[in-house]
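What follows is a single structure, written as structure tokens, with notes after it.
Just so it is clear, none of the values below were taken in a lab; they were calculated from the coordinates. It should be emphasised that the depicted structure is a prediction, and the values quoted were computed from it without experimental measurement. Every residue, glycine among them, receives a Cβ derived from its backbone with ideal geometry; neighbour counts consider all protein chains shown.
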Amino acid sequence: MAKRRASAVGHDVVLADSRAAGGVHGDPKLQNHLRQRHRIGRGTGSAQRLAPADLTAQKAPFCDGDTITLKTTDPGGLQYSWRRDGQLLNNEQRSSLRTSRSGTYIVSVSATGGGCANADTLQIKLSPRPDARLQASATSFCEGDSVLLSASTEAGYRYQWLPVGIAGGSRLTVREGGTYRVQVTDATGCSALSGWITVQRKARPTVQLDSIPPFCQPGGGPVTLRGTPTDGTYAGAGVAGNQFNPGAAGLGRHRVSYTIQSGNGCPAEAVRWIGVSDGLQLKLPPRYPLARGGRVQLEPTPNYPIARASWSPPTGLDNPTTETPWAAPDQTTTYRLQAIDVAGCPASGETTVEVVERIYIPDAFSPNGDGVNDVWDVRNVAAFTDCEVAVYNRWGEVVFRSTGYATSWNGTYQQQVVEPGVYTYQIRLISPLPAVYKGSITVLK
């Protein structure tokens with residue numbers, strides 16, 4: 001509650017009412033500023049009451065150049081007077097005041113015709129706006145290049161680049177011609193706009209350089225380079241004037257350029273790569289043996305790195321455009337490789353994937369002459385004409401040996417049927433698919 005006190009001076013009664021304001025508009029340092037209200041009554045000992053003269057301003061921040069509207073109580077039938085820093089503001093007699101200056105403002109509110117009066121005080125502080133200077137590293141640039149725009153920097157500054165609408169740092173890289181400016185906002189919330197800067201993007205001339213086929217055989221002579229428009233400059237390994245000499249350039253892939261200087265100061269360049277090789281050579285195995293259901297990787301050996309590869313037919317290949325695909329055909333297939341090296345020189349080669357049936361090895365047979373399973377029938381082994389087959393008894397003695405397996409073992413040793421029991425075997429496949437199989441076989445009665 002506000003404290004009230006009364007004092008008598010002659011026949012006048014003076015009532016004073018004071019309270020702390022709930023907040024101050026403007027500079028944050030003025031928070032908890034004490035608002036003072038004065039009521040003055042003249043009469044015969046009675047005081048006329050008025051509504052408090054609450055003085056308010058629009059929401060901060062207050063920045064240089066802003067126009068601020070101060071408002072006070074306006075129930076009607078009242079008259080107003082305004083002071084700034086103690087100086088009466090003539091002709092300001094309404095309930096609101098528009099100002100663009102810092103200072104301490106006091107409004108006095110009284111009834112029309114005199115009598116009681118209330119007053120309120122509010123201090124306004126206008127903050128300076130941030131520095132919004134803008135500079136460009138250049139006012140024009142060539143197509144494909146850029147210009148750097150730089151705004152003034154201070155701690156707490158924020159930037160909005162216009163008209164592109166990019167919020168970011170104090171620098172902007174521009175690759176398009178146009179007119180640009182920046183809005184800078186400081187830590188108080190005050191902002192300022194820079195002036196406009198116009199940058200021009202200059203076009204480069206259109207330049208062409210005719211392609212040159214690769215040199216794939218040693219001893220090739222110089223060739224003439226042709227670029228348009230004329231009056232340009234050729235450069236690169238093996239280049240002299242408008243001639244390219246593969247012998248002078250050497251083996252490899254060479255960059256040759258043609259440059260034109262335009263009237264606006266923007267050069268333009270066309271580039272060709274010319275390959276020089278003594279010929280691509282491919283080495284491939286004549287065949288790859290493959291057990292049915294398996295896969296094998298085709299691995300050519302080139303004398304130069306391969307840039308592009310194409311295998312045909314694509315059947316059974318995981319990727320026919322890679323240099324070393326995996327092959328898994330269902331039947332024997334011959335594949336052809338078309339390749340181009342890094343110099344652009346072509347070569348071709350072929351190989352055959354030979355699909356071989358997997359052998360089946362029985363684990364028992366009964367050589368008893370009943371016509372059923374009388375021999376050890378190792379299926380599909382006949383394709384391995386140089387295979388080696390051996391069977392051993394439990395003491396490690398050889399009871400059967402054969403190179404090739406045209407005739408199946410009938411269970412005899414030295415023309416006698418062996419004793420029933422378990423025997424071990426080893427089958428060595430030499431060609432076309434080397435492998436060694438070991439295991440046991442049971443001879444039954």
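Worth pointing out:
- Spatial offset of segment 410-445 relative to segment 187-222 amounts to 78 Å, using the alpha carbon center of each.
- Environment charge of Pro420, counting only residues whose C-beta is closer than 15 Å and scoring Lys/Arg +1, Asp/Glu -1: -2
- Taken as Cα centroids, segment 357-383 and segment 257-313 sit 52 Å apart, rounded to the nearest whole angstrom.
- Surface/4 estimate of mean projected area, convex hull on alpha-carbon atoms of segment 303-433, nm²: 11.3 nm²
- Value of Rg/Rh across segment 281-348 [Cα atoms, Kirkwood radius]: 0.97
- Of Asn91, Asn319, Asn380, the residue with the greatest mean-square motion in the GNM of the chain, using alpha carbon springs below 10 Å, is Asn91.
- For Pro163, the shell of other residues with beta-carbons less than 13 Å away shows a net charge of 0, using +1 for Lys and Arg and -1 for Asp and Glu.
- Radius of gyration, Dmax [the chain; alpha carbons; angstrom]: 51.1, 160
- For Val342, the amide hydrogen comes within under 5 Å of the amide hydrogens of Ala307, counting only partners 5 or more places away or on other chains and with H modelled in the peptide plane.
- Three-way shape label, segment 134-202, alpha-carbon gyration tensor, a/c 1.5: prolate
- Positive minus negative residues near Pro367 (Lys, Arg vs Asp, Glu; Cβ under 12 Å): -3
- Spin-label pair Glu350/Gln200, simplified geometry with 7 Å Cα→Cβ offset, distance in nm: 6.6 nm
- Isolated Cys in the chain, by beta carbon distance under 4.7 Å: Cys116, Cys387
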